[in-house]
Amino acid sequence: QLQASGGGLVQAGGSLRLSCAASGGTFSNYARGWFRQTPGKEREFVAVINWYGSATRYSDSVKGRFTISRNRDEDTVYLQMNSLKAEDTAVYYCAVPGRPYVSGGYQSTQYQYWGQGTQVTVSS
């Protein structure tokens, strides 16, 4: 089970930190990704972190503004979102792949387990 939280309403230029906690099992040895989705559009890759927390990748649209990190002891992954823009408005999902290591991690089809999503709304 993955539980995403931390979403909310924020003004443009503001910050939010999303959390993705695992329960009922351990995903601490798995990569974890964040995706986002707006109505009528496909789920979009945001960021991914490897199992150890030593490697991260970001979409071009969030690079330099968002930071993904993890606490393996708590089996929780975070997404720090700074300098938010109206176009960041979406439902954000965290996900775990079916295998510990994921090559690239940009495709939603690479992930097997998904959290329920948390709404982020950025007002301009």
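Some points to look at:
- Surrounding net charge for residue 77, when Lys and Arg each add one and Asp and Glu each subtract one, Cβ distance under 15 Å: +3
- Fraction of the pair-distance distribution of the chain above 25 Å, Cα-Cα pairs, percent: 15
- Between residue 17 and residue 41, the FRET efficiency estimated from the beta carbon spacing at R0 = 22 angstrom works out to 0.35.
- Within the range 10-86, GluC sites (Glu not before Pro) in DSSP loop having at most 14 other beta-carbon neighbours inside 10 Å: 42, 74
- Radius 15 Å from Cβ of residue 109, net charge of other residues (Lys, Arg +1; Asp, Glu -1): 0
- Within the range 17-102, chymotrypsin sites (Phe, Trp or Tyr not before Pro) in DSSP loop having at most 12 other beta-carbon neighbours inside 10 Å: 52, 101
- Summed residue charge, Cβ within 15 Å of residue 91's Cβ, Lys/Arg positive, Asp/Glu negative: -1
Any read-out appearing in this document is the output of simple, stated calculations on the displayed coordinates, not a laboratory observation. Note that the structure is predicted; figures quoted are calculated from it, not measured. Positions of Cβ are generated from backbone atoms using ideal geometry, with glycine treated the same way; all protein chains shown enter the neighbour counts.
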